[in-house]
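**Student:** Have a look at this one.
Computed from the coordinates by the stated procedures, all read-outs in this text should not be read as laboratory data. Since the structure is predicted, the reported quantities are computational estimates derived from the model, not experimental observations. Here the Cβ positions follow ideal geometry from the backbone for every residue, glycine too, while neighbour counts run over all protein chains shown.
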C-alpha cells in the first residue's frame, strides 16, 4: 500500500482495508484540527490507487470493509470515484461496505442521483463532522457551514440510502456557550436523525489556532464535570428514531453507548451518577485522540 502523511480513520473502521485515495483535507481550516497541518490536498493518481486495490486483492482477504482515506474523498469527481468503487467491487468481491469521510461542501457538490449511484456501487456509510449545531461556534471554529446547511446535507446523504455517522465535539464552544452548544447540537442531530452519533471530548492540539486562543485566554477549556453536564444536555435534547449515540472514544471521560430512544433515560441517569461522584471517570493520562 502507498500511504502518505497522516492516515486517519474512524474507530469503527479499525479492521477495514485503508485505501488512501486522497492526501489531506480539501478544507483544512478548522481551528481545532491539526491533522493535516501543512499538507496540500490532492487526489492520488489512478495508477497508484489501482495498484493498491490489486495489493488488497492479494493480501487483505479477511477484511470485509474498505475505508477510503483521507479527509475528503467525496470531492473526487464522480467518474473517477465511480471508477474506484467499480474496481473495488471487481477485485474485492468479499467487501460488504465502503466508507468515507464527508463534509457539507463535498456533499453539496454531489447531486442526489450521484449519491444514489455511489450507494448502488458500494458506498455504505459517510462520517460527517458536525462538531456543533451552534452557528456562532461553527463560525468561530471556521467549519465552513451553517447548522442549516449541515442539516440539509445530512438529510441528503440519508435520502440516498447512505448511512450517516455524525461526530460532535464536547467543549468546542468553550464555557460561555456550552449550554447553547449542547442544546443546538441536540436539535441539529434530531433534525438529521442519523444512524450513529459519536461524541468526542475536545483535546487541544499545540500549533492549532484554538490552542493559541487557549494560551492567550480567549478560549476556556471545560473541566471534566462540565463536559459531562454538556453531554447530558446534548443527549436530553437529541431525539433519534433509531440511532446509536456513543461517547466511548479514547478522549471521553465516561464511556457511553446508548441505543436511542430506548436507552436515553438510563443514559441520563448514568451521567447523573457520574456527576454525583458515584462513578469514577477516566483519568487524564488515559485519554487520547
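**Student:** Treating only the Cα positions of segment 59-106 as identical point scatterers, give the base-10 log of I(q)/I(0) from the Debye formula at each q in 0.20, 0.28 Å⁻¹.
**Tutor:** Cα-only, vacuum Debye calculation for segment 59-106: -0.70, -1.11.
**Student:** Evaluated at 37 °C with a viscosity of 0.692 mPa s, what Stokes-Einstein diffusion coefficient in µm²/s does segment 180-231 have when Rh comes from the Kirkwood expression over alpha-carbon pairs?
**Tutor:** 253
**Student:** Between residue 97 and residue 39, what is the spin-label point distance in nm, taking each point 7 Å from the Cα along the Cα→C-beta axis?
**Tutor:** 2.3
**Student:** Follow-up. Can you bin every Cα-Cα distance in segment 53-202 into 10 Å intervals starting at zero and give me the percent of pairs per bin, rounded to whole numbers?
**Tutor:** 11, 40, 29, 15, 5, 0
**Student:** Order these by the 10 Å Cβ neighbour count, fewest first: 131, 4, 229, 265.
**Tutor:** In order of increasing Cβ crowding within 10 Å: 265, 4, 229, 131.
**Student:** Quick check: the distance between the Cα centres of segment 210-246 and segment 93-147, to the nearest angstrom?
**Tutor:** What the calculation gives is 22 Å, centre to centre.
**Student:** If you don't mind, another one. Hey, can you rank 269-277, 230-238 by average C-beta count inside 10 Å, highest first?
**Tutor:** Details: 269-277: 14.2, 230-238: 22.2.
Packing proxy ranking, top to bottom: 230-238, 269-277.
**Student:** What fraction of the Cα pairs in segment 153-209, stated in percent, has a spacing above 17 angstrom? Mind dumping the intermediate values first?
**Tutor:** Values: 751 of 1596 pairs.
So the portion of pairs separated by more than 17 Å is 47 percent.
**Student:** Angle between the Cα long axis of helix 224-236 and the longest principal axis of the chain, 0 to 90 degrees, nearest 10?
**Tutor:** 70
**Student:** Normalised radius of gyration for the chain, please: alpha carbon Rg relative to 2.2 N^0.38 Å, two decimal places. Could you put the intermediate results ahead of the total?
**Tutor:** On the way: Rg = 19.0 Å, N = 289, 2.2 N^0.38 = 18.9 Å.
This ratio for the chain stands at 1.01.
**Student:** How far apart, in nanometres, would the label points at residue 136 and residue 7 be if each is projected 7 angstrom from Cα along the Cα-to-Cβ direction?
**Tutor:** Rounded to a tenth, the inter-label distance reads 4.2 nm.
**Student:** Kindly work out what percent of the DSSP beta bridges joining two residues of segment 11-274 are antiparallel, to the nearest 5. Before the final figure, lay out the partial values.
**Tutor:** Numbers: 6 of 34 bridges.
If I count the DSSP bridges inside segment 11-274, around 20 percent turn out antiparallel.
**Student:** Relative contact order for segment 88-132: what is it in percent, counting Cα pairs under 8 Å that are at least 6 residues apart? The partial results should precede the final answer.
**Tutor:** Values: 31 pairs, mean separation 25.0, N = 45.
Relative contact order here is 55 percent.
**Student:** Give me the Kirkwood hydrodynamic radius of segment 14-98 in Å, from all C-alpha pairs, to one decimal place?
**Tutor:** Details: mean 1/r = 0.0736 Å⁻¹.
That comes to 13.6 Å for segment 14-98.
**Student:** Ok, one more. Expressed as an acute angle from 0 to 90° and rounded to the nearest 10, what is the orientation of the C-alpha long axis of helix 147-159 relative to the principal long axis of the chain?
**Tutor:** With rounding to tens, the tilt is 50 degrees.
**Student:** Moving on to the next point. Would you work out the relative contact order for segment 11-274, in percent, from Cα pairs under 8 angstrom that are 6 or more residues apart?
**Tutor:** On the way: 479 pairs, mean separation 40.4, N = 264.
For segment 11-274, the relative contact order is 15 percent.
**Student:** If I take every Cα pair under 8 Å that is 6 or more residues apart in segment 12-58, average their sequence separation and divide by the length, what percent do I get for the relative contact order? Before the final figure, lay out the partial values.
**Tutor:** Working: 31 pairs, mean separation 20.1, N = 47.
Across segment 12-58, relative contact order equals 43 percent.
**Student:** Another question, if that's okay. Only bridges with both residues in segment 1-120 count here: give the DSSP antiparallel percent, nearest 5.
**Tutor:** Values: 2 of 10 bridges.
Antiparallel bridges make up about 20 percent of those DSSP assigns within segment 1-120.
**Student:** Continuing with the same structure: What span do the alpha-carbon atoms of segment 112-197 cover on each of the three principal axes, reported in whole Å from largest to smallest?
**Tutor:** The Cα atoms of segment 112-197 stretch 45, 21, 16 Å along the principal axes, largest first.
**Student:** How big is the gap, in Å, between the Cα center of segment 1-19 and the Cα center of segment 171-185?
**Tutor:** 31
**Student:** Also: Could you give the angle, 0 to 90 degrees to the nearest 10, between helix 78-91's Cα long axis and the longest principal axis of the Cα atoms of the chain?
**Tutor:** Once rounded, one gets 80 degrees.
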